[in-house]
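Some notes on the structure that comes next.
The values are calculated or read from the model by the stated rules, or taken from the named source; none is laboratory data. All figures in this text were calculated on a predicted structure; none of them were measured in a lab. Note: ideal-geometry Cβ built from the backbone for every residue, glycine included; neighbour counts use all protein chains shown.
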Amino acid sequence: MDVDKLNEDFAKIAELVTKLDSMDYSDEQYDDVEEELHDLEDQLMEDFGDELEDAIAEAYDNLCPDNDVLLPTAYIAKHYVRKQKDNQGRPGYDIEYREGIPIESDKFPDQEVYIALVPGPTRLVVTVGDAAKQTIWMAK
């Protein structure tokens, strides 16, 4: 897997997700941005879908084996928080709590647990309630 390309492509998606999140549906550019986002998501699936799905399936085996694994694009958050750039000028990203897909996990009974794909570097992040956030997989 070309991790640099994955990180670069996913960062473009995060930027469009954030842009779309800040736009109103009535904005004349909304449909164009949304179409560009879907095109990039489709390309991401074509280039890295199998690897991302394998990583998600492995995470589910450990966290929530009774839950169904969805397509990787389902785990893209609705909003990303842009962080400072790394030493190569690439931005990092984070998520707020309750982003991504909710799961039911015996490891965290009676708690709100979410799993999301996050770029910069590409990784799977699990949030538990409003207090815990952990990276459970990182693309290598």
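If you take the residues of the range 103-140 that are in contact (Cβ under 8 Å) with a residue 40 or more places away in the chain and basic (Lys, Arg), which of them is farthest from Tyr93 (Cα to Cα)? Only one residue fits best here, namely Lys107.
When residues in the range 16-38 are screened for being without any contact (Cβ under 8 Å) to a residue 12 or more places away in the chain and either touching a helix residue (DSSP H, G or I) at 6+ places or on another chain (Cβ under 6 Å) or part of a helix (DSSP H, G or I) (or both), 7 of them pass. Note on the range 39-61: residues that are surrounded by 13 or more Cβ atoms within 10 Å (Cβ to Cβ) and either within 23 Å of Lys5 (Cβ to Cβ) or touching a residue at least 60 places away in the same chain (Cβ under 8 Å) (or both) amount to 16. Note on the range 99-138: enclosed strands (runs of 3 or more DSSP E) holding 3 or more residues that are under 23 Å from Leu6 (Cα atoms) are 113-118, 123-128, 132-138.
Does Ile115 qualify as being of a type in the set (Val, Ile, Thr) and over 20 Å from Leu40 (Cα atoms)? Yes, satisfied.
Answer yes or no as to whether Arg123 is of a type in the set (D, E, K, R), surrounded by 14 or more Cβ atoms within 10 Å (Cβ to Cβ) and at pLDDT 95 or above. Against the criterion (of a type in the set (D, E, K, R), surrounded by 14 or more Cβ atoms within 10 Å (Cβ to Cβ) and at pLDDT 95 or above), Arg123 qualifies. Within the range 42-94, the residues that satisfy the criterion of being assigned to a strand (DSSP E or B) and either under 12 Å from the mean Cα position of the chain (by Cα) or among the hydroxyl-bearing types (Ser, Thr, Tyr) (or both) are Ile76, Val81, Tyr93, Asp94.
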